[in-house]
1. Which of the residues spanning the stretch 130-145 are open to solvent by 10 Å² or more (accessible area, probe 1.4 Å) and of a type in the set (D, E, K, R)?
2. Return the residues of the stretch 319-349 that are touching a residue at least 60 places away in the same chain (Cβ under 8 Å), in a helix (DSSP H, G or I) and open to solvent by 30 Å² or more (accessible area, probe 1.4 Å); say none if nothing qualifies.
3. Answer yes or no as to whether Thr168 is over 21 Å from Thr401 (Cα atoms), among the hydroxyl-bearing types (Ser, Thr, Tyr), modelled with pLDDT of 90 or more and surrounded by 24 or more Cβ atoms within 10 Å (Cβ to Cβ).
4. Evaluate the stretch 283-291: report whether one residue or more is closer than 23 Å to Gly134 by Cα and in contact with a helix residue (DSSP H, G or I) (Cβ under 9 Å, 6 or more places away or on another chain).
5. For the stretch 259-313, which residues satisfy the criterion of being in contact (Cβ under 8 Å) with a residue 24 or more places away in the chain, open to solvent by less than 10 Å² (accessible area, probe 1.4 Å) and touching a strand residue (DSSP E or B) at 6+ places or on another chain (Cβ under 8 Å)?
6. Could you say which residue among Asn222, Asn197 is buried (at least 24 other Cβ atoms within 10 Å of the Cβ) and either at pLDDT 90 or above or out of contact with any His (no Cβ under 6 Å at 6 or more places or on another chain) (or both)?
7. Which condition number does Gly22 fail, the rest of (1) at pLDDT below 95; (2) at negative phi; (3) surrounded by fewer than 17 Cβ atoms within 10 Å (Cβ to Cβ) being met?
8. Name the one entry in Lys388, Lys309 that is more than 19 Å from Met84 (Cα to Cα) and part of a helix (DSSP H, G or I).
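The values are calculated or read from the model by the stated rules, or taken from the named source; none is laboratory data. All values derive from a computational prediction rather than experimental measurement. Positions of Cβ are generated from backbone atoms using ideal geometry, with glycine treated the same way; all protein chains shown enter the neighbour counts. Please note that ligands, DNA and RNA were not included when accessible areas were found on the heavy atoms of the full protein model with its side chains. Shrake-Rupley method; radii C 1.70, N 1.55, O 1.52, S 1.80 Å.
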Amino acid sequence: MGWTTAPKATALLGALLLAAPGASAQAAKLKVDLDSPSSIRSAAKVVAANLMTYYHGDEPGQTPGILPGPPPAAPYYWWQAGAMWGTIVDYWFYTGDNQYNAEALRSMVFQAEAPVNAYMPRNWTASLGNDDQGFWGMAAMLAAEVNFPNPPEDQPQWLALAQAVFNTQVVRWETADCAGGLRWQVEHTNGGYDYKNTIANGRVPQHRLAPGPLHPERDDYNVMDGGHIPFNCTDVNPVQFSANAAILIHAAAVMYNYTEGNARTKWKGRVAGLLNRTVEHFFPDGIMIERACELEDRVQCNTDQHSFKGYMHRALATVAVLAPFTYDDVLKTLRSSTEGAVTSCLSDGTCGFRWNTGEYDNDVAAGPAGQQMSALAALSTLLIDQQKVLNGPLTNQTGGTSKGDPNAGQKFQGLSPPREITAGDRAGSGILTAVVLASFLGSVVWMGMSWSE
């Protein structure tokens, strides 16, 4: 399968032009008319080209599908590439630009890792979270729902990949602690295995494969990060990340769309409550801020957190489609926030992290791919008013073409959970105890938050 290197050359040319003597500050800005779909598409194309300069999996000797990493060797954990390909699938869906489709297809199939094809690659076991796996699964589910070009028939299909994630996670759902749910990490040897968090569990309904439990416990609709199993998750980490709020409001909209009658009324209230609080907290002046780490006097966000704004924009756009009563409010929020986002971008598509300063912030220390993904998502989702978008996610009854496999992921041969060693074990030669796979009903529209990794 071929790929193009033209976008990298284009971005380089733009950078050289910006560096040319006499280049004015006005000329250095990305120009876009947010009232013109063609202008939005042109600007998004420039930002997408810049984003792809950080990807090297299409080069000889490199691994298809991943961004450079993991830390400390390079900035990015495995999950963020899954989020990037989901962003690219959305970019194609909203804009029609297919120049990255072949590489996205190749990457998403390759990283699923045969023969199980459940996005649990052995090379990433040491940092594999249920949320990480879920981000790749959500990208696959998105591809199925928007009729992204299907892989060849001898390769796993988008819906089957999403089902494989679901099937491998559902067996990891626990009921003994914290009223149920998935642990953050898959392997018991990984730091964070004793932590249950929002991002690992909020993705479940987004798989569209089965309804999942989602019961906001707080009347104020603040979305907290998680808690530890030894404390029965009562030691709630109060930090509010936009990615958690995005995943929950998206999931609530899925459930609203899925249900009928009294159940739908209940979910409508939850969507409305989450939306109101999300806009109030993360869009204080109409422009998105990552409140937990983007402070007035400094930015202390890590590489993962630099990508969160894009997930919020993509989630809100889907919420507007799945729960149409939110459409006007969501579109108003997306528009005002994107106005801020584009002021952070230079004419070569290089975009900053802060969207509320009116200029590019030179924030590159934490890895610039996240900033590019966020700006690309902001621009792309402003094209929400196309009929193909408003028709909603496709199913096999409404034109979806991806083929499923109810038994997907069943070939996975995991290690059994650690068990108590008996007197007989001690008397014998040693025994292998291995790892439990911790997770729940699969999910798939985003991420593997590695902010604590």
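1. Answer for the stretch 130-145, where residues must be open to solvent by 10 Å² or more (accessible area, probe 1.4 Å) and of a type in the set (D, E, K, R): just Glu145.
2. To start, the set of residues in the stretch 319-349 that are touching a residue at least 60 places away in the same chain (Cβ under 8 Å) comprises 319-323, 326, 335, 338-339, 342-343, 345-349.
In the following step, the residues that additionally are in a helix (DSSP H, G or I) were identified as 319-322, 326, 335, 338-339, 342-343.
If the condition is that a residue be touching a residue at least 60 places away in the same chain (Cβ under 8 Å), in a helix (DSSP H, G or I) and open to solvent by 30 Å² or more (accessible area, probe 1.4 Å), then Arg335, Glu339, Thr343 are the ones that fit.
3. On the way: over 21 Å from Thr401 (Cα atoms): yes; among the hydroxyl-bearing types (Ser, Thr, Tyr): yes; modelled with pLDDT of 90 or more: yes; surrounded by 24 or more Cβ atoms within 10 Å (Cβ to Cβ): yes.
Spelling it out, Thr168 is indeed over 21 Å from Thr401 (Cα atoms), among the hydroxyl-bearing types (Ser, Thr, Tyr), modelled with pLDDT of 90 or more and surrounded by 24 or more Cβ atoms within 10 Å (Cβ to Cβ).
4. Residues of the stretch 283-291 that are closer than 23 Å to Gly134 by Cα, as a first pass: 290.
Subset that is in contact with a helix residue (DSSP H, G or I) (Cβ under 9 Å, 6 or more places away or on another chain): 290.
Yes, there is a match, as at least one residue in the stretch 283-291 is closer than 23 Å to Gly134 by Cα and in contact with a helix residue (DSSP H, G or I) (Cβ under 9 Å, 6 or more places away or on another chain).
5. none
6. Numbers: Asn222 fails: buried (at least 24 other Cβ atoms within 10 Å of the Cβ).
Answer to the selection: Asn197.
7. Failed condition: (2).
8. Details: Lys309 fails: more than 19 Å from Met84 (Cα to Cα).
Answer to the check: Lys388.
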